[in-house]
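The structure under discussion appears below in the form of structure tokens.
The values are calculated or read from the model by the stated rules, or taken from the named source; none is laboratory data. Because the structure is a prediction, the values reported are computed rather than measured. Cβ: placed from backbone, ideal geometry, glycine included. Neighbour counts: every protein chain shown. SASA here: full protein model, heavy atoms, side chains in, ligands and nucleic acids out. Shrake-Rupley method; radii C 1.70, N 1.55, O 1.52, S 1.80 Å.
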Amino acid sequence: MSEQVVLVDESDAELGTAGKAEVHRGRGELHRAVSVFLFDGDGRLLLQRRAATKYHFAGLWANTCCSHPRPGEGVVAAGERRLREEMGISARLRHAGSFVYRAVDPRSGLVEHEFDYVLVGSFSGTPLPDPAETDDWAWIEMPELKRRLASGDGGYVPWLSPALAAMPAPGPDVPEET
């Protein structure tokens, strides 16, 4: 059986489950996702370049990691699990915002249509990424990242800008959820 994702409506009410591969083809059903952003003590964001072998948006720079909660799995637990699997990092995460987006990968034709939870945390070590997931990583200062995104640099995933906009104050000082 393929990995399952949680189908949702525009308010994140669960509608059922479907195979991860299937939801990214064709209509691109709306499903739950997480985008993780780790910041160091200087407020820099840890980016990763998606592996050239990824099934969609390969080779583009993205936030620290992304994933889909499994059925019955909480969004923070999914982010922490995937952070360990993809980047070799253990860090506590907290919810900082959410948004809905839809994007089509021009190379693969696959569709991302996600109710995306933005999760943030702190980290100041050296990641140990899985080479099947990540080709490279780098720390970037937020003003530089915003400048690059505003310039229309095509080297970034389409969900990065709306994810940053969903955060109340991008950086390590995002308040704890109450």
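Just to verify a result, which residue in the stretch 18-41, among those that are out of contact with any helix residue (DSSP H, G or I) (no Cβ under 6 Å at 6 or more places or on another chain) and at pLDDT 95 or above, is nearest to Arg102 (Cα to Cα)? Even if it seems obvious, please write down each step before you answer.
Taking the stretch 18-41 as the starting set, the residues that turn out to be out of contact with any helix residue (DSSP H, G or I) (no Cβ under 6 Å at 6 or more places or on another chain) are 18-28, 30, 32-33, 37-41.
Now restrict to residues that are at pLDDT 95 or above: 30, 32-33, 37-40.
Working: Leu30: 8, Arg32: 12, Ala33: 12, Phe37: 20, Leu38: 24, Phe39: 26, Asp40: 29 Å.
Per the stated criteria, the residue is Leu30.
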(Q) Here's a check for you: in the stretch 60-90, which residue that is open to solvent by less than 30 Å² (accessible area, probe 1.4 Å) and part of a loop (DSSP other than H, G, I, E, B) is nearest to Leu160 (Cα to Cα)? (A) Asn63
Q. Could you say whether any residue in the stretch 6-17 is under 17 Å from the mean Cα position of the chain (by Cα), buried (at least 22 other Cβ atoms within 10 Å of the Cβ) and either modelled with pLDDT under 95 or assigned to a helix (DSSP H, G or I) (or both)?
A. no
Q: Search the stretch 5-25 for residues that are over 24 Å from Ser108 (Cα atoms) and pair each with any residue that is of a type in the set (Val, Ile, Thr) and at pLDDT 95 or above when their beta-carbon atoms are under 7 Å apart and the residues are at least 6 apart or on different chains.
A: Glu10/Val100; Glu14/Val6; Glu14/Val8; Leu15/Val8
